[in-house]
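Structure record follows, encoded as structure tokens.
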Amino acid sequence: MRLRGSGWSRAGLAVGLAISPAAYADWQMNLSPGATAMTHQVWNLHTAMLAICATIAIGVIAVMGWSILRHRKSRGVEPAEFHESIGVEIAWTVLPFIVLAAIAIPAASTLVSLYDTDAADVHIEITGHQWLWEYRYPDAGVHFYSRLAADSRRAELGVDGTRPQDVAHYLRDVDNPLVVPVHAKIGLSITSADVIHSWWVPALGGKKDAIPGRINKKWFTADEIGTYRGQCAELCGRGHAFMPIVVKVVSKADYRAWLKAQGGQAPAAADLPDAPAAPADFDALAASDALSRDEAMTLGKHVYNGLCSACHQRDGSGLAAAGYPALTGSDVATGPIAAHINQVIYGKNAMPAFGRQLTDAEIAAVVTYERNALGNAVGDEATPKQVEDLR
Amino acid sequence: MKAGASPARGGRRWLWLANHKDAGTAYLVLAAIMFLVGSSLSLVIRSELFAPGIQVVDPAVYNQIVTLHGLIMIFGGIMAAFVGFANMMLPVMIGAHGLWARRASGPVFWMLPVAFAALLVTPFIGGAPQTGWTMYPPLIMQTGPALPVFIAAVCLTTISGFFSSANILVTLLRKRAPGMAMLRMPLFAWTWVVTAFLIMAVMPVLAGTMLMLGADRYLGTGFFGGPDGSALLYQHLFWTFGHPEVYIMVLPAFGLVSTIIPSFARKRLFGYTSMVYATLSIGLLSFIVWSHHMFTTGQPLAAEMFFMFSTMIISVPTGVKVFNWVATMWRGAMTFETPMLFATAFVVMFMIGGFSGLMSSLAPVDFQYHDTYFVVAHFHYVLVPGSLFAMMAALYYWMPKWTGVMYSEGLGQVHFWWSVITINVLFFPMHFLGLAGMPRRIADYSTQFTDFNQMISIAAGLFFAGQLIFVFNMGRSLARRGAQASARPWEGARGLEWTLASPWPYDTFATPPRIEARELAKPD
């Protein structure tokens with residue numbers, strides 16, 4: 001839940017401890033779902049547990065509230081005598097176990113995923129110092145330090161009357177941000193040169209301690225380009241509040257350009273993953289007038305698996321005993337394309353006519369699929385126009 | 001001071017504290033002073049956090065104040081006060097003449113003022129550690145010449161805690177009056193059996209850990225640093241002490257509330273036996289959950305799993321207690337004098353603190369909560385509207401017995417409503433700050449956290465100011481002003497203390513009392 005407003009800063013002014021009632025940022029009251037698939041999972045766990053706790057709390061408070069209103073001496077009630085009940089006590093010992101088990105299972109599964117630090121696309125070594133962060137990209141040969149931004153420092157010290165509310169991202173801005181590519185699995189190896197620190201950017205996941213003499217691993221994959229801010233989360237001395245973390249998530253191309261600008265070696269573009277393919281929109285494909293080969297194969301497979309595979313089987317081998325012919329190498333699927341289309345539209349013997357159920361694009365796609373998959377490699381394609389002409 | 005043996009002459013009386021009521025008084029006075037000192041430190045923290053930017057104290061001083069606020073409140077406030085209630089009430093509650101080792105109380109007690117004075121001196125002899133109460137190395141190794149004084153002070157509190165608990169435990173086991181079987185004792189006595197056991201188990205661990213820190217610094221041993229040492233070893237040792245410590249600070253509160261709610265519900269405690277077993281299970285489980293304080297240290301997956309599950313399980317006996325209190329209220333004939341108001345608020349707000357603890361038990365989510373204001377909210381809910389409210393309930397409950405006069409019920413009600421409102425405005429928004437990403441123990445913060453911090457700082461000042469009502473009300477009773485209290489001023493109260501006159505005699509149960517079934521927590 002986010003509320004906007006600065007009523008309390010006005011109250012602050014009212015008590016005479018003057019600071020500007022300028023509208024500060026949002027009144028963020030809840031965990032943010034973050035910018036990675038894992039932070040979404042964690043957010044779901046948080047929300048589920050919060051809901052469980054709130055439900056039980058409301059139940060307890062409701063029963064207690066009813067009791068407080070009703071079971072009062074002033075209402076003339078006589079106190080009851082009961083003081084134990086084995087059944088009730090067993091119930092409220094056992095039921096919580098079941099509720100806890102139900103949330104423990106997804107939590108354990110998320111934990112396992114968060115510990116899976118293998119196979120990172122980009123590897124970064126992070127070292128905490130009093131009070132700055134050091135970043136090293138061992139594969140690219142890039143290395144730099146990241147300190148509190150100069151304007152935040154001026155505002156903290158009040159240089160030239162600069163106030164915290166005058167600078168952008170007070171205490172959450174640095175001179176050299178960490179730069180990582182979007183969609184790539186970023187593997188972090190975190191340690192410290194002096195005392196214990198903790199590396200934390202909430203939108204990219206939980207914190208991990210930077211401990212001298214020890215390397216802790218963490219990973220994240222950012223789904224969205226953007227700038228994400230956090231700070232050291234373990235008390236590390238006088239400058240603890242003043243060692244922010246800023247991560248810029250950029251496109252693959254920008255990342256490679258940035259590495260080169262830093263004097264490093266950029267990995268080949270092919271070594272960085274692209275956005276995961278969006279799921280196909282079958283309704284749009286089914287309504288289209290022309291299909292690319294890829295689109296036809298995608299839609300065709302979808303139609304085939306949904307309708308045809310019941311008899312002809314997923315791999316096209318058919319079911320001879322029941323009279324369903326194989327499509328792999330069959331005369332229809334490897335013969336003239338017009339006859340193939342005709343049979344799908346009008347059916348034959350046990351095979352129903354699909355002409356009324358399927359659009360031109362769907363019939364074209366399934367024909368193309370049957371001729372170029374299921375062990376066939378005819379090479380030609382049916383078009384929606386051909387189907388329309390044969391109806 | 002009426003019938004029975006009269007007090008020893010001034011100096012000796014307060015040096016040896018041989019009378020358990022004198023000992024209890026000394027601990028409670030010390031705790032009151034320490035609560036004042038510790039909360040004054042927190043007001044410095046809240047003034048600095050009123051606005052972004054550094055206005056009041058340098059961050060290095062801020063960190064020292066954070067350290068001292070924690071240690072003073074834990075050892076000087078909460079623990080000393082619970083030991084005070086134990087000294088004051090337990091011998092009477094079990095029909096004993098006094099504590100098992102009567103003259104041990106004095107020397108054991110006087111270690112504490114020395115220890116806290118030493119702690120409070122450290123900022124002026126080079127600076128207290130800037131670590132917070134957890135005192136983690138390597139950061140604590142950056143402390144200046146005050147470090148040995150600091151270590152000695154912490155060790156002194158552990159020695160005092162160990163021996164005062166030993167005395168209480170042996171008293172409960174060996175000095176009960178005939179007819180006061182273990183399973184008939186008041187719940188407050190039972191919670192102290194477990195608390196004393198926990199204190200005796202973990203105080204040596206803390207003392208040893210502190211001595212290892214000193215050895216690292218002055219003898220070059222390298223337990224917690226260097227090529228063979230491990231900063232994580234310290235954390236494991238510290239939390240082996242530190243997690244049972246959490247229950248040390250709340251189990252006696254369970255006992256107080258379990259005594260007070262039945263009195264005002266005019267109905268016996270529901271599920272006495274299950275309360276005893278829940279207390280025992282919490283005591284045992286408290287030893288196997290320590291590493292949930294270390295979820296983000298990168299310990300192996302198997303350890304994360306184990307400590308996540310064990311922590312979830314400890315919520316079950318804790319839940320049983322809450323359900324039992326509600327069932328005790330159910331179909332009672334309740335009245336809401338001030339002790340009952342505070343006890344009822346304890347149940348609700350301790351439950352809030354318990355639930356945020358349960359949320360934090362989920363390791364992958366704790367990676368977000370850990371070391372943020374969400375956790376600050378969590379343990380303050382358990383300790384302030386939790387333990388502290390239980391103590392306030394107990395003071396209102398027993399003060400008529402101690403002084404022979406009734407406190408002002410009107411002022412008590414005002415104090416309650418003032419406290420319960422301001423405490424929630426003070427601590428509830430800390431959940432929001434933590435979830436929005438504000439780390440704990442920072443001297444300055446990003447501007448997006450300003451609004452809630454201002455709200456919290458104002459509420460902190462108001463809560464603190466409201467306690468003046470409480471001080472006045474208790475001071476009025478101590479000055480013997482107010483209506484005369486009867487021997488049993490609470491209609492539904494059970495227990496041997498109510499068989500004594502009000503004020504109670506200086507010397508009680510020199511011969512064991514004949515116990516009537518009515519006074520037992522569980523007569524059958």
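The values are calculated or read from the model by the stated rules, or taken from the named source; none is laboratory data. No experiment lies behind these values; they were computed from the predicted model shown. Here the Cβ positions follow ideal geometry from the backbone for every residue, glycine too, while neighbour counts run over all protein chains shown. Note: areas computed on protein heavy atoms with side chains; ligands, DNA, RNA excluded. Shrake-Rupley method; radii C 1.70, N 1.55, O 1.52, S 1.80 Å.
Some values worked out for this structure:
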read-out	value
Cα centre as origin, Lys/Arg/Asp/Glu Cβ charges: the protein assembly as shown dipole, Debye	4680
Calculated FRET efficiency for the pair B:LEU284/A:ALA268, C-beta based, R₀ 51 Å, to 0.05	0.30
Calculated Rg and Dmax of the range B:105-223 using C-alpha coordinates, Å	17.9, 57
The range A:122-279: radius of gyration and largest Cα-Cα distance (Dmax), Å	16.1, 55
Interface area, B with A, accessible, probe 1.4 Å, both sides summed, Å² nearest 100	8300
Once the Cα gyration tensor of the range A:285-390 is diagonalised, semi-axes √(5λ) in Å	20, 14, 13
Share of carbon and sulfur in the accessible heavy-atom surface of chain B [1.4 Å probe, %]	71
With every protein chain in place, chain A: carbon and sulfur % of accessible area (1.4 Å)	57
Taking chain B and dividing mean pair separation by its residue count, relative contact order in percent (alpha carbons under 8 Å, at least six apart)	19
Cα long-axis angle, helix B:231-248 against chain B (0 to 90 degrees, to the nearest 10)	20
Number of partner chain Cβ atoms within 10 Å, mean per residue of A:73-83	6
Solvent-accessible area per residue for the range A:285-390 (1.4 angstrom probe, square angstrom)	51
Tilt relative to chain B, helix B:389-403 - C-alpha long axis, 0 to 90 degrees, to 10	30
Cα convex hull volume per residue for chain A (Å³)	322
Shape category assigned to the range A:37-114 from the gyration tensor of Cα positions, a/c cut at 1.5	oblate
Cα gyration tensor shape for the range B:214-357, rounded if a/c is under 1.5, else prolate or oblate	prolate
Ranked by how many other beta carbons lie within 10 Å on average, peptides B:36-42, B:209-215 from highest	B:209-215, B:36-42
Shielded residues, the range B:125-143 - accessible-area loss of 20 Å² or more between chain alone and all protein chains, probe 1.4 Å	B:GLN130, B:TYR136, B:PRO138, B:LEU139, B:GLN142
Gyration tensor (Cα) of chain B, equivalent ellipsoid semi-axes in angstrom	36, 26, 24
Stretch gain in nm, segment B:LEU15-B:MET182, where the contour uses 0.36 nm per residue and the Cα spacing is subtracted	56.9 nm
Surface per residue (accessible, 1.4 Å probe) for chain B, Å²	31
Radius 12 Å from Cβ of A:PRO267, net charge of other residues (Lys, Arg +1; Asp, Glu -1)	0
Relative pair counts by distance (%), Cα atoms of the protein assembly as shown, 20 Å bins	13, 38, 28, 14, 6, 1, 0
Computed magnitude of the charge dipole of the range A:37-114 (debye, nearest 20; Cβ of K, R +1, Cβ of D, E -1)	320
Residue (of B:GLN454, B:MET135, B:SER164) at the positive-pole extreme of the protein assembly as shown, dipole from beta-carbon charges	B:SER164
Selection from A:ALA287, A:CYS308, A:VAL201 lying farthest towards where the dipole of chain A points positive, charges on Cβ	A:VAL201
Cross-link pairs A:LYS185/A:LYS208; B:LYS267/B:LYS321; A:LYS207/A:LYS248; A:LYS207/A:LYS252 - those with Cα-Cα distance over 23 Å	A:LYS207/A:LYS252
Candidate lysines for bridging to A:LYS348, where Cα separation is under 29 Å - those fewer than 8 sequence places away on the same chain excluded	A:LYS301, A:LYS385
Residue-averaged [θ]222 nm for chain B, counting only DSSP H segments that reach four residues, each worth -39500 (n - 2.57)	-21500 deg cm²/dmol
